[in-house]
Amino acid sequence: MSDQAQTSAERADDYVLGLLSAAEMTAFEAEMETDGTLRTAVAASRDRFLELDLAGQTQSASPDLWSRIESSLGVQDAPTPAAPRILPANANDNRLSRWKRAAFAGVAASAVLALALGYAIIDRPAPQVIAVLMDDKGAPLVLVEDFGDTHARITPLGDFTAPSDKSMQVWTLPNKEMGPTSLGLLDAWKTSNLDSRTLPQPHEEQLYEITLEQLGGSPTGRPTGPILVKGFARVPR
């Protein structure tokens, strides 16, 4: 797709909606590194297409998801729940049709059960909400525990290596008025505790995602890089 005669906003829309070829995407992201106007346009486009995160198709969770979550939490002697269905987000970025939000519900339910059992067994503070974040193929890669006190814990469930010249930034969407809000940067692909500014209490179905940004994080205060993983929160019960 040619970007001749296109405005920055139109080019940003093409990028966010996944309409660029791989080569065009690489060139676009390189241009964003030095073009603040383009980064701002991408952030605005992401805000505009947030509603697209609320639709999608269902799919089944992988059989080993429970054991991976259980292992990451250190939970022992907990019963395994029935095979869940999962509900990840429908992406507004890089191949829109691949994101399947309706698939997230069961995987979140499994994580909620694992967390509830785990916190009861080892008597540690429980999060207000948890979210299992998926990649664009529906693979669960990250568990987010938001404690509702500016503190969130990020636990990898799968492998990922970020480019050395990029930063991984964690975001949430408390409400549409605030828009996407940063929870902080990940120093490495490992369990991390993030302390962010005071936000409204997290709630059911709150969106969480991790994007790949320039070193030091997004210069606009909004997501500008490609979305690595995303998912919706569930309240442990």
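Among G158, G184, G217, G148, which is in contact with a Lys or Arg (Cβ under 9 Å, 6 or more places away or on another chain) and not aromatic (F, W, Y)?
Checking each option against the conditions leaves just G158.
Would you say P219 is under 18 Å from V42 (Cβ atoms), buried (at least 19 other Cβ atoms within 10 Å of the Cβ) and modelled with pLDDT of 90 or more?
no
Any residue at all in region 165-172 that is under 15 Å from the mean Cα position of the chain (by Cα), more than 23 Å from E31 (Cα to Cα) and in contact (Cβ under 8 Å) with a residue 60 or more places away in the chain?
For region 165-172, residues under 15 Å from the mean Cα position of the chain (by Cα), more than 23 Å from E31 (Cα to Cα) and in contact (Cβ under 8 Å) with a residue 60 or more places away in the chain: absent.
So which strands (runs of 3 or more DSSP E) stay within region 95-168 end to end and still have 1 or more residues that are at pLDDT 90 or above and of a type in the set (K, R)? Spell out how you get there, then give the answer.
Details: elements: 129-134, 140-146, 151-156.
In region 95-168, the matching strands (runs of 3 or more DSSP E) lie at 151-156.
Looking at region 175-194, which of its residues are in contact with a strand residue (DSSP E or B) (Cβ under 6 Å, 6 or more places away or on another chain) and loosely packed, with under 11 Cβ neighbours inside 10 Å?
Selection gives nothing.
Considering each residue of region 188-220, count those that are in a strand (DSSP E or B), more than 24 Å from G36 (Cβ to Cβ) and of a type in the set (S, T, Y), and give that number.
Within region 188-220, residues that are in a strand (DSSP E or B), more than 24 Å from G36 (Cβ to Cβ) and of a type in the set (S, T, Y) number 2.
Quick one: is T211 in contact with a Phe, Trp or Tyr (Cβ under 8 Å, 6 or more places away or on another chain) and hydroxyl-bearing (S, T, Y)? Can you show your working first?
Details: in contact with a Phe, Trp or Tyr (Cβ under 8 Å, 6 or more places away or on another chain): yes; hydroxyl-bearing (S, T, Y): yes.
Yes: the conditions hold for T211.
The values are calculated or read from the model by the stated rules, or taken from the named source; none is laboratory data. This is a predicted model, so every value here is computed, not measured. Neighbour counts run over all protein chains shown; Cβ positions are idealised from the backbone, glycine included.
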